[in-house]
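Each value in this text was obtained by applying a stated rule to the coordinates, not by laboratory testing. It should be emphasised that the depicted structure is a prediction, and the values quoted were computed from it without experimental measurement. We place every Cβ from the backbone using ideal geometry, glycine too, and count neighbours over all the protein chains shown.
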Amino acid sequence: MDKIEHIGIAVKDLKTSNLLFEKLLGVASYKMEEVASEGVRTSFFKSGPNKIELLEATKEDSPIAKYIAKKGEGVHHIAFAVEDIRSELARLKGEGFAILNEEPKKGADNKLVAFLHPKTTNGVLVELCQEISNG
Ligand code: ZN
């Protein structure tokens, strides 16, 4: 695991939260992106070297919609940058962590992503993400 890549925050309304985080961080969102396969619309902010990802559900059965229905808005996941997501998943599986995505999938922001089940990580949804190289 390298650094924390970003922190994901579940929000009910992306427009409203974009304005809120603009005020909070003093910068505008630098990227909005919809990940149709996950039923989410995302918005990214930079705060110094750190990134915040806001996530809004685009359909009722989206994981974000379910999360908000159960727990309300708030911190949804912590994402760690990894060099090689498949070898890191194999290592974590060997350590006994429950992997939600055996096969990494394409996420927002040009990343391959996979999640660990919160039941084995003290209730924290952990995302691994690997930059997709363009070469
Ligand atoms: Zn994320």
I'd like the full set of residues that are within 16 Å of the ligand (Cβ to nearest atom), surrounded by fewer than 19 Cβ atoms within 10 Å (Cβ to Cβ) and in a loop (DSSP other than H, G, I, E, B), limited to region 71-84. 73
Hits in region 40-56 (condition: within 14 Å of the ligand (Cβ to nearest atom), over 13 Å from residue 12 (Cβ atoms) and over 11 Å from the mean Cα position of the chain (by Cα)): 45, 50
Name every residue in region 11-55 that is touching a residue at least 60 places away in the same chain (Cβ under 8 Å), of a type in the set (D, E, K, R) and farther than 23 Å from residue 72 by Cβ, in order of residue number. 31, 33
What is the number of the single condition among (1) surrounded by fewer than 20 Cβ atoms within 10 Å (Cβ to Cβ); (2) in contact (Cβ under 8 Å) with a residue 40 or more places away in the chain; (3) within 14 Å of the ligand (Cβ to nearest atom) that residue 101 does not meet? (2)
If I ask for residues that are out of contact with any helix residue (DSSP H, G or I) (no Cβ under 7 Å at 6 or more places or on another chain) and surrounded by fewer than 20 Cβ atoms within 10 Å (Cβ to Cβ), which ones from region 106-132 would you list? 106, 109, 110, 117, 118, 119, 120, 121, 122, 123, 131, 132
Could you go through region 57-70 and let me know if any residue there is part of a loop (DSSP other than H, G, I, E, B), small (Gly, Ala, Ser), under 19 Å from residue 12 (Cα atoms) and out of contact with any helix residue (DSSP H, G or I) (no Cβ under 8 Å at 6 or more places or on another chain). no
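Assess whether residue 68 counts as being touching a residue at least 24 places away in the same chain (Cβ under 8 Å) and more than 14 Å from the ligand (Cβ to nearest atom). Please lay out each step first, then the result.
Values: touching a residue at least 24 places away in the same chain (Cβ under 8 Å): yes; more than 14 Å from the ligand (Cβ to nearest atom): yes.
Spelling it out, residue 68 is indeed touching a residue at least 24 places away in the same chain (Cβ under 8 Å) and more than 14 Å from the ligand (Cβ to nearest atom).
Looking at 93, 119, 106, which is the one that is touching a residue at least 40 places away in the same chain (Cβ under 8 Å) and more than 12 Å from the ligand (Cβ to nearest atom)?
Numbers: 93 fails: touching a residue at least 40 places away in the same chain (Cβ under 8 Å); 119 fails: touching a residue at least 40 places away in the same chain (Cβ under 8 Å).
Just one listed residue meets the conditions, 106.
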If I ask for residues that are closer than 14 Å to residue 53 by Cα, assigned to a loop (DSSP other than H, G, I, E, B) and of a type in the set (Lys, Arg), which ones from region 1-42 would you list? 12
